[in-house]
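The values are calculated or read from the model by the stated rules, or taken from the named source; none is laboratory data. All values derive from a computational prediction rather than experimental measurement. We place every Cβ from the backbone using ideal geometry, glycine too, and count neighbours over all the protein chains shown. Accessible surface is based on the protein model in full, side chains and every heavy atom, while ligands, DNA and RNA are left aside. Shrake-Rupley method; radii C 1.70, N 1.55, O 1.52, S 1.80 Å.
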Amino acid sequence: MSDVPDLSSDEENFEDDDWQEMETSNSSVMCLFCTDIFTSVEEGLNHCETAHNFVLSSLKLKFNMDCYSYIKLINYIKSHKPNPEDILNTTKPLWDDEKYLKPVENDDWLMFDFDSLIDKPNSPKTYHANVENGLVTLSQTHFIELQRTIQTLTEQLNETQTHLQMAKEDINKMQESMKTLVDGGNPNGDDSEKNVVVNCVSKLPLEDDEGYFNTYAHFGIHYDMLSDKVRTESYRDAILNNKETIKGKVVLDLGCGTGILSMLCATAGAQRVYALDQSEIIYHAIDIIRENNWQNVVKTIKGRLENTKLDETLDIIVSEWMGYFLLFEGMLDSVIYARNNYLKPGGLLLPNKCNISLVANGDIDTHSKLINFWSDVYGYKMNCMKSEVVREASIDVVQSKHIISEPCIVKEIDINTCNTDIMDFTSEFKLTITKDGLLTSLVGYFDTFFDLPNPVSFSTGPDKTPTHWKQTVFYFRDCREVKQGDVIQGTIICNRQKTDVRALSVQINVFGKAHKYILS
């Protein structure tokens, strides 16, 4: 298929000169306060200083601004078009609101390396002072310069004192909250909050959910996902092999990451794509989308969906939401929220079906390494550690040669109709043993389906090409001998953890025992 891009690396054909050309060509920057056009942000800043007396470096120093404050400032100016004097003379940052992190326009002002901006002092000046009869006489220019220096130092001192006072107040609040917690009370002073049940992501306060999004702010995890060809090429084929389904549609790329799925939808002819992510990776996605000239089709949004209002309803929702054992991380909650609140009747979800399977594992060597290791650690017994090791479900690639049973599907999920209680299920299973061996664990994996005119599916099972999801391994403390033809019967109980809506508790009842595991 000539219209399907090759996902293999072309790094050897990529030259630094090409990068420089992309960075510098066809760039135009409009002044923040007038309609003058410049070829770079640096020229625009120089113009703002000379024509509008707007010195960004002074503002940075005055309010101790970082790159996020700068983004808020630019979007505030774009939204309200204030006079530069009002901004410079304000005693507090008028733009200090999370809503200004959402880009008003995708332009070069947002791409500027604000951290590199420094308050460049003028070349050292020398002034002549007259000294007569013990009196020092200064020139007017020298006197004004000294006044300006005193004013700057005073502002810095006041700013430091303000931050110090805020830090003291925060410490006092933390001490009071800790004392209340130790005493068994509610740190917020509101006992009614004890009755609030947080059983899905939409009920979780955003500030309590930031840790999850921070894990997606780093390069490594996106490299793992993008280099997973099973994952990425399946989404690619589902989108580009069904262009007629995507063409002219309004699409949401939920949890867009680097924006790869957004650009695939744009390539397939989508009318508009909303690329949404709460993680800091969204700022790199903005660069990537502009680098590939899709900024007129793809609109980037920083925010958690449950705390964001979209401008219109959607024809299609595409999302790579799957976690370990399919349901870990609870991102399906957000897909369901988007479906219930924004998807048009008859709209399309990609993917739209998944299932979870179990299979028996007879990998004795790995079991010995993880479990029996604690029986003799340099001559000392540490058997108490075995239960703790077993309790944590392992994420690992299981070789197909160790699989000793037929698989059994324990959960089927229709994304079009499921609810947020999908993470809580109980299912019986039967595993027919295919060869003699020692049963060391049960292995969980999932399959994903795109029901389209040209359907696509992929599996994360141990008999398929490994993916970044690997498999979820539920080890038993003690191995059990099994024979070909035996049927292992049991029950799996999966629940959302009460203390962490994105984590799972799994119980497997088999061989007359309840084996409990956590994924967190």
For segment 347-382 the number of residues that are over 30 Å from residue 336 (Cα atoms) and open to solvent by less than 60 Å² (accessible area, probe 1.4 Å) is 12
Residue within segment 249-258 that is in a helix (DSSP H, G or I), among the hydrophobic types (A, V, I, L, M, F, W, C) and open to solvent by less than 40 Å² (accessible area, probe 1.4 Å) present: no
Residue list for segment 384-402, filter: more than 14 Å from residue 445 (Cα to Cα) and either open to solvent by less than 60 Å² (accessible area, probe 1.4 Å) or assigned to a helix (DSSP H, G or I) (or both): 384, 385, 386, 387, 388, 389, 390, 391, 401, 402
Hey, residue 61 among the hydrophobic types (A, V, I, L, M, F, W, C), out of contact with any Gly (no Cβ under 9 Å at 6 or more places or on another chain), in contact (Cβ under 8 Å) with a residue 40 or more places away in the chain and open to solvent by 20 Å² or more (accessible area, probe 1.4 Å) or not: yes
Can you name the number of the only condition in (1) closer than 30 Å to residue 239 by Cβ; (2) open to solvent by less than 70 Å² (accessible area, probe 1.4 Å); (3) in contact with a Lys or Arg (Cβ under 9 Å, 6 or more places away or on another chain) that residue 452 fails? (3)
Residue 85 passes all but one of the listed conditions (1) assigned to a helix (DSSP H, G or I); (2) closer than 30 Å to residue 298 by Cα; (3) open to solvent by 30 Å² or more (accessible area, probe 1.4 Å); the exception is number (2)
Consider residue 222 carefully, then state whether it is open to solvent by 70 Å² or more (accessible area, probe 1.4 Å) and at pLDDT 75 or above. no
If you go through segment 70-82, how many residues are surrounded by 16 or more Cβ atoms within 10 Å (Cβ to Cβ) and out of contact with any Lys or Arg (no Cβ under 8 Å at 6 or more places or on another chain)? 7
Looking only at segment 230-246, decide whether some residue is part of a loop (DSSP other than H, G, I, E, B), open to solvent by less than 40 Å² (accessible area, probe 1.4 Å) and touching a strand residue (DSSP E or B) at 6+ places or on another chain (Cβ under 9 Å). yes
Take the residues in segment 151-178 that are surrounded by 11 or more Cβ atoms within 10 Å (Cβ to Cβ) and among the β-branched types (Val, Ile, Thr); name whichever of them is nearest to residue 59 (Cα to Cα). 152
So, in segment 287-307, exactly how many residues are β-branched (Val, Ile, Thr), out of contact with any Phe, Trp or Tyr (no Cβ under 8 Å at 6 or more places or on another chain) and open to solvent by 10 Å² or more (accessible area, probe 1.4 Å)? 2
Flag for residue 341 being in a helix (DSSP H, G or I) and either modelled with pLDDT of 95 or more or polar (S, T, N, Q) (or both): yes
Can you name every residue in segment 491-504 that is surrounded by fewer than 20 Cβ atoms within 10 Å (Cβ to Cβ) and either closer than 15 Å to residue 473 by Cα or not basic (Lys, Arg) (or both)? 491, 493, 495, 497, 499, 500, 503
Can you name the residue in segment 192-212 that is open to solvent by less than 100 Å² (accessible area, probe 1.4 Å) and at pLDDT below 75 and is also nearest to residue 337 (Cα to Cα) among such residues? 197
Looking at segment 485-499, can you tell me whether even one residue there is over 26 Å from residue 209 (Cα atoms) and in contact with a helix residue (DSSP H, G or I) (Cβ under 8 Å, 6 or more places away or on another chain)? no
Among the strands (runs of 3 or more DSSP E) lying completely within segment 403-505, list those that include at least 2 residues that are in contact (Cβ under 8 Å) with a residue 40 or more places away in the chain, in contact with a strand residue (DSSP E or B) (Cβ under 7 Å, 6 or more places away or on another chain) and among the charged types (D, E, K, R). 408-414, 425-432, 471-482
The one condition in (1) farther than 26 Å from residue 222 by Cα; (2) among the polar types (S, T, N, Q); (3) open to solvent by 70 Å² or more (accessible area, probe 1.4 Å); (4) modelled with pLDDT under 95 that residue 520 fails to fulfil: (1)
Of all residues in segment 110-135 being modelled with pLDDT of 70 or more, hydrophobic (A, V, I, L, M, F, W, C) and not in a helix (DSSP H, G or I), which is nearest to residue 301 (Cα to Cα)? 112
Checking residue 482 against (1) more than 26 Å from residue 331 (Cα to Cα); (2) open to solvent by 10 Å² or more (accessible area, probe 1.4 Å): exactly one of these is not met. Which one? (2)
